[in-house]
Amino acid sequence: MIDSHCHLADETFTDDLDAAIARARDAGVEGALCILSAGDEAEAARARTVRASWDAIRFAAGVHPHNAGAFAGRAADSADVTAAHADAFAACAIGEIGLDYHYDFAPRDVQREVFAAQIALARERELPIVIHTREATDDTFAILAEHPGVRGVFHCFTGDTAMARRALEIGFHLSFAGIVTFPKAGDLRDAARIVPADRILVETDSPYLAPVPHRGKRNEPAFVARVLASLAEARGVGERDLDVAVTDNFVRLFGPTRVEATA
Ligand SMILES: [Zn+2]
Ligand SMILES: [Zn+2]
């Protein structure tokens, strides 16, 4: 199993990082993509510990839409900060990046400019992107349409069947998180059923969004097993088959092996 999106360098893992990694390994998690907030040096220090503690961990770096406000009027700088962070961790993807109109922590026009600048960086480096989008579907697709050829994944997909189709049409992967295990997520499970086996991923988004039966507690990569089981059930396929598919998809999207940073 692979957790395609976690925040293992979050401070909530500081006290039991080794135990959390051991639990993930015991649960059969063979790798994970650790998402880093570009320019966050405190998190980067913890990420170096994560890197030393788990040889299967890989990294993505990006300016999250929540943090886009710092780059008002200078979106190009967000790409520079992301590039430096991506270099330091030999990132295999740019992300998470995108638009969040639910929280609106940054002005929407600034979010759009920062998102676009980082997609341009990803294209330049031929890296896939990890998209965070909330209540901003049309603007997200409009910006992606301006950058043909970019590949990637809609992380923690929570859209309906129509949105899933839009994402699939432009060649993107969809990654499902613990929300798919929630009793009221029937629409999301419907969307999960239409995703081809070669475009689906699973993730925890830990420490957030713990799946049933851990809901309300801190999430961690080991719990990706619950997401996989729930998704397999929704799709009417065996867990083992789905596991093989998502692992293949992860490797195809993010590359086969971890590359060590030289910087
Ligand atoms: Zn996100
Ligand atoms: Zn995340």
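Remark: the range 186-192, residue by residue, has Karplus-estimated 3J(HN,Hα) of x, 5, 5, 5, 4, 4, 5 Hz, where x stands for each Gly or Pro and the curve is 6.51 cos²θ - 1.76 cosθ + 1.60 at θ = phi - 60°. Only one residue of GLY159, VAL227, VAL202 has its Cα farthest out toward the positive end of the dipole of the range 106-256, where Lys and Arg carry +1 and Asp and Glu -1 on Cβ, and that residue is VAL227. State the Cα centre-to-centre distance between the range 97-173 and the range 193-215 in whole Å. For the range 97-173 versus the range 193-215, the Cα centre distance is 18 Å. Listed from fewest to most Cβ neighbours within 10 Å, the set THR133, THR204, THR247 follows the order THR247, THR133, THR204.
Taking the Kirkwood radius as Rh and the Cα radius of gyration as Rg, the chain has a ratio of Rg/Rh equal to 0.94. Short-range pairs are left out: with C-alpha atoms under 8 Å and at least six residues apart, the relative contact order of the range 1-111 is 27 percent.
Run the helix sum for the chain: -39,500 (n - 2.57) per DSSP H stretch of 4+ residues, divided by residue count, reported at 222 nm to the nearest 500 deg cm²/dmol. Before the final figure, lay out each step's value.
On the way: 9 runs with 109 residues, N = 263.
Result for the chain: -13000 deg cm²/dmol, rounded to the nearest 500.
Modelled spin-label separation between ALA162 and ARG48, with each label point placed 7 Å from Cα along the Cα-to-Cβ direction: 4.9 nm. Restricting the calculation to alpha carbons of the range 32-92 gives Rg and Dmax of 11.9, 39 angstrom. Here each label is just a point 7 Å from Cα along the line to Cβ, and for TYR101 and HIS147 those points are 1.9 nm apart. DSSP finds beta bridges in the chain, and of those with both partners inside it, around 0 percent are antiparallel. Fewest neighbouring Cβ atoms within 10 Å first, the residues THR49, THR82 line up as THR49, THR82.
For ASP205, what charge total do you get from the other residues with a beta carbon under 10 Å from its beta carbon, if Lys and Arg give +1 and Asp and Glu give -1?
Numbers: positive: none; negative: ASP3, GLU96, GLU203.
Within the 10 Å Cβ shell, the charges total -3.
Coordinate-derived values only; no laboratory data. Bear in mind the structure is a predicted one, so any value in this text is a computation, not a measurement. Reconstructed Cβ throughout: ideal geometry from the backbone, glycine too, with neighbour counts over all protein chains shown.
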